[in-house]
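These notes are about the structure you will find just below.
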Amino acid sequence: MSQLLTTNQYTIRNKFWDFFTQTFSFHDAEGSPIGYARKKAFKLKEDLVIYADKGRQIPLIKIKARSIIDFGATYDIADAQTGENLGSIQRKGMRSFLKDTYFLNDSNGQQYGTFVEDSIAILRRIIPFIPAKYHIEVAGQPHITIKQGLNPILKSSTVIIPSEHQIDRRVVAAMVLLSSGIEGRQSTLNILG
């Protein structure tokens, strides 16, 4: 099993936005790479895969948008090896304008958790150098924290999952990648616009 799916602390890094792709890498607490993903720019419908290897030969998790460019989009998550439905992530449109907010849904579409921004998104969109802070809430479980670093060229976010937390680590990795990808797109649009 990939270390990305068993570790309780890792960092996701996003290199400065290339005009055609965003490249993401996951690193353990010691800095060793444990996962990779690539997001093509200008795609109307998100379709992401997290891989265990840099050569992108061992897929772990698939994330696919249900619709084309939607402010309140829903993204399905599946195990890339077995096809197992891991649930979905639903972005809360207008609520995400002030603070990024997503609902975590199980494979039956029932909400069981929330991904919430602790910083002020609208201020970050105006001043892209302000780091973001997030947490994942699941009833009866300690919060999972995600804190963005300060480097605007190599964006990174550190994920800390309490060891006793029962959430599927594949869902956390998908949520963090999705958030980083959307955040990267919004920051780039601010720079270009």
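What follows draws every value from the coordinates through simple rules; no lab data is involved. Predicted model only: the values in this text are computed from it and were never measured. Every residue, glycine as well, gets a Cβ built from its backbone with ideal geometry; the counts of neighbours run over all protein chains shown.
Report, by chain and number, residues whose modeled amide H sits under 5 Å from the one on residue 58, excluding near sequence neighbours (fewer than 5 apart, same chain).
Amide H neighbours of residue 58, under 5 Å, 5+ apart: 52, 53.
What's the magnitude of the charge dipole for segment 73-169 around its Cα centre, counting Lys and Arg as +1 and Asp and Glu as -1 at the beta-carbon? Answer in Debye, nearest 20.
Values: 10 positive and 10 negative charges, 129 e Å.
Here segment 73-169 has a charge dipole of around 620 debye.
Assuming a ≥ b ≥ c are the square roots of the Cα gyration tensor eigenvalues, decide whether segment 30-174 counts as rounded (a/c under 1.5), prolate (otherwise, with a/b larger than b/c) or oblate. Each step should come with its number before you reach the end.
Values: a/c = 1.20, a/b = 1.13, b/c = 1.06.
Verdict is rounded for segment 30-174.
In a shell of Cβ-Cβ distance under 14 Å around residue 7, excluding residue 7 itself, what net charge do Lys and Arg (+1) and Asp and Glu (-1) give?
Net local charge, residue 7 excluded: -1.
Considering only the other residues whose Cβ falls under 15 Å of the Cβ of residue 33, what net charge follows from Lys and Arg at +1 and Asp and Glu at -1? Can you show the working numbers first?
Working: positive: 13, 15, 38, 54, 56; negative: 28, 30, 53.
Within the 15 Å Cβ shell, the charges total +2.
5 Å is the cut-off here: which amide hydrogens, built 1.01 Å from N in the peptide plane, fall below it relative to residue 34, excluding neighbours closer than 5 in sequence?
26, 27, 28
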